[in-house]
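K.L.:
Sharing a structure, written as structure tokens. Questions coming.
The values are calculated or read from the model by the stated rules, or taken from the named source; none is laboratory data. Bear in mind that the values here come from a model prediction, so they are computed numbers and not experimental data. Every residue, glycine as well, gets a Cβ built from its backbone with ideal geometry; the counts of neighbours run over all protein chains shown.
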């Protein structure tokens, strides 16, 4: 698969809590979508783990504010935007294949506003537009001899077959959301609305319906990703400067939001990252 650029986890660990330590427990591969599928899919990801008997690992994740469809050996689920800190316990041997949709881009495959999926995980069978993917992908995921590239290619072909020909309303919302991700100067809802050329209420309605959460929360989540990446990759962090860079009024506001998201204050999290990364 070519064209669409997807960064390896070494260069983009956004959302993975304690990424250096996590990399010693499981492997995370990413594959790009192709052709028409790239209108709606950001990436396909494959998490693979093999732990000794009796060993368990709890991995915490700040999930991207998008919908993921996840296939494991026992079935498939649709995970909406998770506003908390998601935790998964790994043990034994296994893997999970995910279809990570672009922001707002799951809307054509779901009947109703995406806010109905926020903080929820539902069986894929309840999403009729994609329900048949379970029968084709779950057996392939369960067979550990099937290479990841084949899993991604199978998912990519299935999504391509189901892509609507006409432009969808949600695709405009996707453009606005991805503008917020790319442009770090857009730290307030008013800034994003101005850049998108719409009113704040229009932006809020579009995000609630198509993304599943409001633009203020969306912007904050990506600011916190940036903070986590700085901590994970920089040995020394100027907290006051970082708070200013991310649009916070002061360091205390950054500390409050970061602690709520990551479970530890920034300085303590940084010390833990360095210790676990050794």
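K.L.:
Going by the conditions given, is residue 224 part of a helix (DSSP H, G or I), closer than 22 Å to residue 177 by Cβ and either out of contact with any helix residue (DSSP H, G or I) (no Cβ under 8 Å at 6 or more places or on another chain) or not assigned by TED's automatic domain parsing to the domain that holds residue 59 (or both)?
P.N.:
Values: part of a helix (DSSP H, G or I): yes; closer than 22 Å to residue 177 by Cβ: yes; either out of contact with any helix residue (DSSP H, G or I) (no Cβ under 8 Å at 6 or more places or on another chain) or not assigned by TED's automatic domain parsing to the domain that holds residue 59 (or both): yes.
Criteria met by residue 224.
K.L.:
Okay, next question. Conditions first: (1) outside any loop (DSSP other than H, G, I, E, B); (2) at pLDDT 95 or above; (3) closer than 25 Å to residue 221 by Cα; (4) in contact with a strand residue (DSSP E or B) (Cβ under 7 Å, 6 or more places away or on another chain). Residue 38 passes all but one, so which condition is the exception?
P.N.:
Result: residue 38 passes all but (4).
K.L.:
Search the stretch 231-271 for residues being closer than 17 Å to residue 20 by Cβ and touching a helix residue (DSSP H, G or I) at 6+ places or on another chain (Cβ under 6 Å), and hand back the single one that is modelled with the lowest pLDDT.
P.N.:
Ranking the qualifying residues of the stretch 231-271, first place goes to 232.
K.L.:
Now a separate question. Contact list please: Cβ distance under 7 Å, first residue in the stretch 237-248 and within 21 Å of residue 217 (Cβ to Cβ) and not assigned by TED's automatic domain parsing to the domain that holds residue 227, second residue crowded, with 17+ Cβ neighbours inside 10 Å and modelled with pLDDT of 90 or more, pairs at least six apart or on different chains.
P.N.:
Nothing qualifies.
Here's the yes/no breakdown for (1) farther than 24 Å from residue 262 by Cα; (2) surrounded by 14 or more Cβ atoms within 10 Å (Cβ to Cβ):
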{"position": "78", "(1), (2)": "no, yes"}
{"position": "106", "(1), (2)": "yes, yes"}
{"position": "112", "(1), (2)": "yes, no"}
{"position": "134", "(1), (2)": "yes, yes"}
{"position": "147", "(1), (2)": "yes, no"}
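K.L.:
Test of understanding: among 63, 88, 69, 9, which residue is surrounded by 20 or more Cβ atoms within 10 Å (Cβ to Cβ) and either part of a strand (DSSP E or B) or not assigned by TED's automatic domain parsing to the domain that holds residue 215 (or both)? Before the answer, list the steps.
P.N.:
On the way: 63 fails: surrounded by 20 or more Cβ atoms within 10 Å (Cβ to Cβ); 88 fails: surrounded by 20 or more Cβ atoms within 10 Å (Cβ to Cβ); 9 fails: surrounded by 20 or more Cβ atoms within 10 Å (Cβ to Cβ).
Among 63, 88, 69, 9, only 69 is surrounded by 20 or more Cβ atoms within 10 Å (Cβ to Cβ) and either part of a strand (DSSP E or B) or not assigned by TED's automatic domain parsing to the domain that holds residue 215 (or both).
K.L.:
Can you give me the number of residues within the stretch 11-29 that are touching a strand residue (DSSP E or B) at 6+ places or on another chain (Cβ under 6 Å) and within 24 Å of residue 150 (Cα to Cα)?
P.N.:
Final tally of qualifying residues: 5.
K.L.:
Residues that are closer than 17 Å to residue 80 by Cα and either touching a strand residue (DSSP E or B) at 6+ places or on another chain (Cβ under 7 Å) or modelled with pLDDT of 95 or more (or both): list the helices (runs of 4 or more DSSP H) wholly contained in the stretch 96-210 that include at least 1 such residues.
P.N.:
Helices (runs of 4 or more DSSP H) meeting the threshold: 169-182, 200-206.
K.L.:
Residue under question is residue 76, and the condition is that it be touching a residue at least 12 places away in the same chain (Cβ under 8 Å), more than 27 Å from residue 206 (Cβ to Cβ) and touching a helix residue (DSSP H, G or I) at 6+ places or on another chain (Cβ under 6 Å); does it hold?
P.N.:
yes
K.L.:
Read through the list (1) touching a helix residue (DSSP H, G or I) at 6+ places or on another chain (Cβ under 8 Å); (2) modelled with pLDDT under 95; (3) in a loop (DSSP other than H, G, I, E, B), then give the number of the only condition that residue 21 fails.
P.N.:
Status for residue 21: all satisfied but (3).
K.L.:
Given the structure, is residue 271 closer than 27 Å to residue 87 by Cα and out of contact with any strand residue (DSSP E or B) (no Cβ under 6 Å at 6 or more places or on another chain)?
P.N.:
Judged against the criteria, residue 271 is a match.
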